[in-house]
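A.B. asks: The structure that follows is given in the form of structure tokens.
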Amino acid sequence: MKTDLTDLAIGLPFVKGQNLPVKNCWHFSTDGTVQDVLFRDEDDFIAAMNRIYLLARKYDILILAFCLMDNHIHFILYGEFDEANKFMHEYVRQTSMSIARKHNLKKNLRNLEIHHQDITDDAYLKTA
């Protein structure tokens, strides 16, 4: 993916008290109230980390940050929304399949909602 640094408010003139605009940046997360535990052991986390790398190569996105928590996940993605959304849904789908196979849990994550929010300024990007 070709990164336009101005989309991320990099290189834009700073004006005290004003937020700089950000484009093509998304905060995706899953609902942490659906599952008590998403990743059941260290091997689940390792597989999840490897999955991130493999899927990031498949989609035209840039992963700016991510956090895998016990019961939910967060991704800060740069790119067109459709690509970012496809990445996130495929990541959850593959994670669900992997956990189901390993722990014999059928459709364990089928109700796991994926939320997204448009990151529109540098303050939210830094916070996220």
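The values are calculated or read from the model by the stated rules, or taken from the named source; none is laboratory data. In this text the structure is predicted, and so the values were computed from the model without any measurement. We place every Cβ from the backbone using ideal geometry, glycine too, and count neighbours over all the protein chains shown. Just the protein is used for accessible areas: all its heavy atoms, side chains included, with ligands, DNA and RNA removed. Shrake-Rupley method; radii C 1.70, N 1.55, O 1.52, S 1.80 Å.
A.B. asks: Counting only residues that are on the phi > 0 side of the Ramachandran plot and surrounded by 19 or more Cβ atoms within 10 Å (Cβ to Cβ), which one in the range 7-27 is modelled with the highest pLDDT?
C.D. replies: Top of the filtered list is 24.
A.B. asks: When the range 1-35 is examined, which residues are found to be aliphatic (A, V, I, L, M) and either over 23 Å from residue 83 (Cα atoms) or in a loop (DSSP other than H, G, I, E, B) (or both)?
C.D. replies: 1, 9, 10, 12, 15, 20, 22, 34
A.B. asks: Residues in the range 72-86: is at least one in contact with a helix residue (DSSP H, G or I) (Cβ under 7 Å, 6 or more places away or on another chain), modelled with pLDDT of 90 or more, over 19 Å from residue 8 (Cβ atoms) and basic (Lys, Arg)?
C.D. replies: No, that holds for no residue.
A.B. asks: Please determine whether any residue of the range 67-80 is within 28 Å of residue 6 (Cβ to Cβ), within 12 Å of the chain's Cα centre (by Cα) and among the aliphatic types (A, V, I, L, M).
C.D. replies: yes
A.B. asks: Test residue 36 against the criterion of being more than 22 Å from residue 104 (Cα to Cα), open to solvent by 50 Å² or more (accessible area, probe 1.4 Å) and acidic (Asp, Glu), and give yes or no.
C.D. replies: Taking the combined requirement at face value, the residue does not satisfy it.
A.B. asks: Suppose we filter the range 40-63 for residues that are buried (at least 17 other Cβ atoms within 10 Å of the Cβ) and in contact (Cβ under 8 Å) with a residue 60 or more places away in the chain; how many remain?
C.D. replies: Counting residues in the range 40-63 that are buried (at least 17 other Cβ atoms within 10 Å of the Cβ) and in contact (Cβ under 8 Å) with a residue 60 or more places away in the chain gives 2.
A.B. asks: With within 13 Å of residue 122 (Cα to Cα), touching a residue at least 24 places away in the same chain (Cβ under 8 Å) and in contact with a strand residue (DSSP E or B) (Cβ under 9 Å, 6 or more places away or on another chain) as the only criterion, which of 20, 77, 68, 12 stands out?
C.D. replies: 20
A.B. asks: Moving to a separate point now. How many residues, within the range 110-127, are at pLDDT below 90, open to solvent by less than 80 Å² (accessible area, probe 1.4 Å) and assigned to a loop (DSSP other than H, G, I, E, B)?
C.D. replies: 1
A.B. asks: Every residue in the range 36-95 that is assigned to a strand (DSSP E or B), within 19 Å of residue 112 (Cα to Cα) and not hydrophobic (A, V, I, L, M, F, W, C), please.
C.D. replies: Within the range 36-95, 74 is the sole residue that qualifies.
A.B. asks: Another question, then. Could you say which residue among 85, 50, 24 is touching an Asp or Glu at 6+ places or on another chain (Cβ under 6 Å) and not acidic (Asp, Glu)? Write out each step before concluding.
C.D. replies: On the way: 85 fails: touching an Asp or Glu at 6+ places or on another chain (Cβ under 6 Å); 50 fails: touching an Asp or Glu at 6+ places or on another chain (Cβ under 6 Å).
On inspection, the qualifying residue turns out to be 24.
A.B. asks: Counting just the residues of the range 64-88 that are more than 17 Å from residue 34 (Cβ to Cβ) and of a type in the set (Asp, Glu), which one comes out surrounded by the fewest Cβ atoms within 10 Å (Cβ to Cβ)?
C.D. replies: Of everything passing the filter in the range 64-88, 82 is surrounded by the fewest Cβ atoms within 10 Å (Cβ to Cβ).
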